[in-house]
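Here the structure is laid out as structure tokens; the discussion comes afterwards.
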Amino acid sequence: MKLIIINGPNLNLLGKREPDIYGNQTFEAYLSDLKNQFSAIELAYYQSNIEGELIDKLHEVGFDYDGIILNAAAYTHTSVGIGDAIKAITTPVIEVHISNVTSREAFRHTSYVAPNAVGIISGFGFKSYELAIRSFL
Ligand code: DQA
């Protein structure tokens, strides 16, 4: 099974960014734990702060991979382009968030990803990614 985690803007700063919300761990450290935990699957990772690059990556993997775990971060709440890209590809997408977006500001309650995703996992910290992998398995 071939899965990819795609992280959007500002998630390169995990570990330093608002640790009260997102924790102290870097994503790279968590990813290496995940890869050990799920050694039987091919688990790729991509992060970009640029909307068009995220769309290009969705196009690149979206007809080939078995699943996409997408934390589009702030673009979740704004990007018609990312929403359309998910509609255009055939690989199923699970929307994930580290924080519980529905318990935060109202603008975080809108998602352009969710209407075309299999489902949403939000609020379990980094474990949200693990739960998404388990869902694909
Ligand atoms: C986030 C939630 C978004 O609202 C926010 O813009 C992020 C991170 C999360 O993982 O909790 O950057 O996607």
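Is there a residue being within 10 Å of the ligand (Cβ to nearest atom), surrounded by 17 or more Cβ atoms within 10 Å (Cβ to Cβ) and assigned to a helix (DSSP H, G or I) anywhere in region 78-100?
No, there is no match, as no residue in region 78-100 is within 10 Å of the ligand (Cβ to nearest atom), surrounded by 17 or more Cβ atoms within 10 Å (Cβ to Cβ) and assigned to a helix (DSSP H, G or I).
Quick one: would you say Gly15 is under 22 Å from Ser135 (Cβ atoms), modelled with pLDDT of 95 or more and either within 16 Å of the ligand (Cβ to nearest atom) or not aromatic (Phe, Trp, Tyr) (or both)?
Judged against the criteria, Gly15 is not a match.
Would you confirm, using the coordinates I've provided, whether Ser32 is of a type in the set (S, T, N, Q) and either within 16 Å of the ligand (Cβ to nearest atom) or over 25 Å from Met1 (Cβ atoms) (or both)?
no
Given the criterion loosely packed, with under 15 Cβ neighbours inside 10 Å, more than 22 Å from Glu18 (Cβ to Cβ), touching a strand residue (DSSP E or B) at 6+ places or on another chain (Cβ under 7 Å) and touching a residue at least 24 places away in the same chain (Cβ under 8 Å), identify the matching residue among Gly119, Gly52, Gly67.
Gly119
Could you grab the pairs with beta carbons closer than 6 Å, sequence gap of 6+ or different chains, first residue in region 84-110 and of a type in the set (D, E, K, R), second one in a loop (DSSP other than H, G, I, E, B)?
If the second residue must be in a loop (DSSP other than H, G, I, E, B), the pairs left are Glu95/Val113; Glu95/Ala117.
The values are calculated or read from the model by the stated rules, or taken from the named source; none is laboratory data. All values derive from a computational prediction rather than experimental measurement. Backbone-built Cβ (ideal geometry, glycine too); neighbour counts: all protein chains shown.
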